[in-house]
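J.: Could you have a look at this structure, given as structure tokens, before my questions?
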Amino acid sequence: MAEPTSEVLTEQEAAVYDRQIRVWGVDAQRRLSKARVLVVGIHGVIAETCKNLVLAGIGSLTLMGDTPVTLDAAASNFLIYVDEIQNQGKSVAQVCADAVGDYNPMVRVQVQQGNILEKPVEFLDDYDVVILGRSSLSLKKKVNALCRSRPQRVAFYAVDVRGCCGISFIDFQTCTYKSQKKDDDKELEYSKKSCSLEDSLSVRWDSLPKRASKLFFATRIVEEFEQKEDRQPGQLTSSDVPALIAFGTELLQEQGMTMVPVIESLLKKIAEAGSFELSPVCAILGGVLGQEVLKLLSCKGEPIQNFFFFDASDGKGMIEEVTP
């Protein structure tokens, strides 16, 4: 891992980032230039997120994964060019690192091989943020717990797109940020805390507001079903819909709720989508997630607490705070 950048912006950085410095200031840009981000699992929505972070001028971006380049991997990942599909010698992480590095040569883009769970726990001390792409519920909980076990803050973000539906989870642990109140130019400093994914998922569903996004319940059912059936994320098909709805009905009843047509429709859409990611949804989720990471690293703006959902069928994005 290369040494963090200096405390002072270089003349080149000041020139390249001039416009955004005018928006959020030199101090915020300096914080970004020292930030170290680790990304595990590269799909379409992750490609969008990486592009946004690199263009903003973070210090370093490390892509982790050994998945080989395939036609399916390139379907919604604009960082994989057609001629790379035939390149059997490179992983998705390597191909994407080469491509995203061209967006901003001042950002150090690296590749890390192996499995994050097999690394020494000190491995995460080299990073400020960990972003986890499509992964099992079990892996999300384990990586989130590892991030929280470190002596310094390692923020955790998880994101996935299934067809036209997208979801992200954010655990920044603690943060101090500056924000302006409406009709007031003066910036005030605020502090905020978040909870772990484990704690968030312990909240009973019938305690949530009635207006809560139905996509929250649908994605929870899908993840629990995949875990119960020992299926990898994105492996469901239309043939799984009956069993998925039956499982969801039972799970909802355990949580003091009943199955409704909206949730049933979402379960069907997610299952039928399989591993497919709708590119415009990836762009939206990648934009929102990139923005949230930049807020945290720059200490500018209030971060989301703690889920964000988007459904392209109705064009709505919803923030849900699910905390004990």
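The values are calculated or read from the model by the stated rules, or taken from the named source; none is laboratory data. Here the structure is a predicted model, which is why all the values come from computation and not from measurement. Neighbour counts are summed over all protein chains in view; Cβ atoms, including those assigned to glycine, are modelled from backbone coordinates with ideal geometry. SASA here: full protein model, heavy atoms, side chains in, ligands and nucleic acids out. Shrake-Rupley method; radii C 1.70, N 1.55, O 1.52, S 1.80 Å.
J.: Measuring from centroid to centroid over Cα atoms, what is the spacing of the stretch 152-174 and the stretch 247-271 in Å?
T.: The stretch 152-174 and the stretch 247-271 have Cα centres spaced 23 Å from each other.
J.: Let me ask something else. Can you tell me, using C-alpha contacts under 8 Å and at least 6 residues apart, the relative contact order of the chain as a whole percent?
T.: Reported as a whole number, the value is 20 percent.
J.: Contact order normalised by length for the stretch 203-273, with contacts defined as Cα pairs under 8 Å and 6 or more residues apart; what percent is it?
T.: Across the stretch 203-273, relative contact order equals 45 percent.
J.: Between Ala14 and Asp27, 0.36 nm times their residue separation minus their Cα-Cα distance comes to what?
T.: 3.5 nm
J.: Which length gain, in nm to one decimal place, applies between Ser239 and Arg108 when the Cα-Cα distance is subtracted from 0.36 nm times their residue separation?
T.: 42.7 nm is the gain from fully extending Ser239 to Arg108.
J.: Computing the accessible area with a 1.4 Å probe over protein heavy atoms, can you report the carbon and sulfur percentage for the chain?
T.: Carbon-and-sulfur percentage of accessible area, whole number: 50.
J.: About the Cα centre, and with charges only on the beta carbon of Lys, Arg (+1) and Asp, Glu (-1), how big is the dipole of the stretch 237-324? Nearest 20 debye, please.
T.: Computed charge dipole of the stretch 237-324: roughly 280 debye.
J.: Quick one: net charge around Phe308, please, counting Lys, Arg +1 and Asp, Glu -1 for every other residue with C-beta under 10 Å from its C-beta.
T.: -2
J.: Over the chain, with the other protein chains present, what is the accessible area per residue in square angstrom, probe 1.4 angstrom?
T.: 47 Å²
J.: Further question on the same structure: Can you give the local net charge around Tyr157? Use residues other than it whose beta-carbon is closer than 10 angstrom to its beta-carbon, Lys and Arg +1, Asp and Glu -1.
T.: Once positives and negatives cancel, what remains is -2.
J.: Return the percentage of antiparallel bridges among DSSP beta bridges fully within the chain, rounded to the nearest 5 %.
T.: 55 percent
J.: For the stretch 249-324, just say rounded, prolate or oblate: build the C-alpha gyration tensor, square-root its eigenvalues into a ≥ b ≥ c, call rounded for a/c under 1.5, and beyond that prolate if a/b exceeds b/c, oblate if not.
T.: Oblate is the answer for the stretch 249-324, as a/c is 1.5 or above yet b/c matches or exceeds a/b.
J.: Now for a different question. Taking the Cα centre of the chain as origin, work out the dipole magnitude from +1 charges on Lys and Arg Cβ and -1 charges on Asp and Glu Cβ, in debye rounded to 20.
T.: With only Lys, Arg, Asp and Glu charged at Cβ, the dipole is about 620 debye.
J.: Roughly how big is the stretch 203-273's charge dipole about its Cα centre, with Cβ charges of +1 (Lys, Arg) and -1 (Asp, Glu), in debye to the nearest 20?
T.: 400 debye
J.: Any idea which of Val222, Ser191, Gln253 is furthest toward the positive side of the dipole for the chain, if Lys and Arg beta-carbons carry +1 and Asp and Glu beta-carbons -1?
T.: Among Val222, Ser191, Gln253, the one farthest towards the positive end of the dipole of the chain is Ser191.
J.: So if I take the centroid of the Cα atoms in the stretch 186-225 and the same for the stretch 24-67, what is the distance between those two points in Å?
T.: Using only Cα atoms, the two centres lie 25 Å from each other.
J.: While we're looking at this one, here's another question. Around Val45, under 9 Å between beta carbons, what's the net of Lys plus Arg minus Asp minus Glu among the other residues?
T.: -2
J.: Now for a separate question. Between Ser136, Gln110, Tyr157, whose Cα lies farthest towards the positive end of the dipole of the stretch 106-158 when Lys and Arg beta carbons carry +1 and Asp and Glu beta carbons carry -1, centred on the Cα centre?
T.: Ranked along the dipole, the leading option is Ser136.
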